[in-house]
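Take a look at the structure set out below.
The values are calculated or read from the model by the stated rules, or taken from the named source; none is laboratory data. These numbers come from a predicted model, not from an experiment. Cβ atoms come from the backbone with ideal geometry, glycine included; neighbour counts cover every protein chain shown. Protein only, heavy atoms only, side chains kept; ligands, DNA and RNA dropped before computing areas. Shrake-Rupley method; radii C 1.70, N 1.55, O 1.52, S 1.80 Å.
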Amino acid sequence: MNQNKWSGECCIICEEIKEEGIHLYTSFICMECERDMVSTETNEISYSYYVTKLRKVTSSQIPS
Ligand SMILES: [Zn+2]
(Lines give C-alpha, C1' and ligand atoms only; values in the text may rest on other atoms or scores of the structure.)
Protein backbone atom coordinates (compact mmCIF):
# COMPACT_ATOMS: atom_id res chain seq x y z
CA MET A 1 0.00 0.00 0.00
CA ASN A 2 1.45 3.30 -1.08
CA GLN A 3 0.17 5.96 1.29
CA ASN A 4 2.34 8.77 0.07
CA LYS A 5 -0.35 10.10 -2.21
CA TRP A 6 -3.82 10.34 -0.68
CA SER A 7 -6.44 10.80 -3.33
CA GLY A 8 -9.56 9.57 -1.57
CA GLU A 9 -12.23 11.43 0.33
CA CYS A 10 -14.84 10.35 2.82
CA CYS A 11 -18.30 10.20 1.29
CA ILE A 12 -20.97 11.72 3.55
CA ILE A 13 -23.61 9.25 2.40
CA CYS A 14 -21.94 5.84 2.66
CA GLU A 15 -19.12 7.14 4.86
CA GLU A 16 -16.52 5.27 2.88
CA ILE A 17 -13.33 6.56 1.34
CA LYS A 18 -13.77 6.94 -2.40
CA GLU A 19 -11.60 8.48 -5.06
CA GLU A 20 -14.28 9.59 -7.49
CA GLY A 21 -17.24 11.75 -6.69
CA ILE A 22 -18.69 15.22 -6.54
CA HIS A 23 -18.42 18.04 -4.06
CA LEU A 24 -21.55 19.47 -2.55
CA TYR A 25 -20.86 22.57 -0.53
CA THR A 26 -17.80 21.50 1.45
CA SER A 27 -18.76 17.84 1.50
CA PHE A 28 -17.96 14.93 -0.74
CA ILE A 29 -20.40 12.48 -2.29
CA CYS A 30 -18.96 9.48 -4.08
CA MET A 31 -19.91 8.57 -7.61
CA GLU A 32 -22.01 5.58 -6.55
CA CYS A 33 -24.07 7.55 -4.03
CA GLU A 34 -24.48 10.42 -6.46
CA ARG A 35 -25.81 7.96 -9.01
CA ASP A 36 -28.11 6.46 -6.37
CA MET A 37 -29.48 9.89 -5.54
CA VAL A 38 -30.29 10.52 -9.16
CA SER A 39 -32.00 7.16 -9.56
CA THR A 40 -34.08 7.42 -6.37
CA GLU A 41 -36.30 10.19 -7.69
CA THR A 42 -39.37 7.99 -7.39
CA ASN A 43 -38.33 6.38 -4.13
CA GLU A 44 -39.48 8.73 -1.43
CA ILE A 45 -37.99 6.82 1.47
CA SER A 46 -34.51 6.79 -0.01
CA TYR A 47 -34.86 10.35 -1.15
CA SER A 48 -35.73 11.66 2.30
CA TYR A 49 -32.77 9.73 3.65
CA TYR A 50 -30.46 11.66 1.38
CA VAL A 51 -32.18 14.93 2.11
CA THR A 52 -31.64 14.35 5.82
CA LYS A 53 -28.00 13.62 5.20
CA LEU A 54 -27.59 16.72 3.11
CA ARG A 55 -29.35 18.87 5.66
CA LYS A 56 -26.89 17.67 8.22
CA VAL A 57 -24.11 18.80 5.94
CA THR A 58 -25.44 22.27 5.32
CA SER A 59 -26.41 22.90 8.92
CA SER A 60 -23.06 21.66 10.21
CA GLN A 61 -21.42 24.61 8.52
CA ILE A 62 -23.14 26.97 10.91
CA PRO A 63 -21.27 27.10 14.23
CA SER A 64 -23.55 26.48 17.15
ZN1 LIG B 1 -20.84 7.14 -1.07
Checklist outcome for this item: Neighbours of residue 11 by Cβ distance under 14 Å: Lys/Arg at +1, Asp/Glu at -1, summed charge -4
Next on the checklist: Could you report the accessible area of residue 16 in Å², rounded to 10, computed with a 1.4 Å probe on the protein chains as they sit in the structure?
Outcome noted: 100
Checklist entry - Computed FRET efficiency, Cβ-Cβ of residue 16 and residue 52, R0 22 Å: what is it to the nearest 0.05? => result 0.75
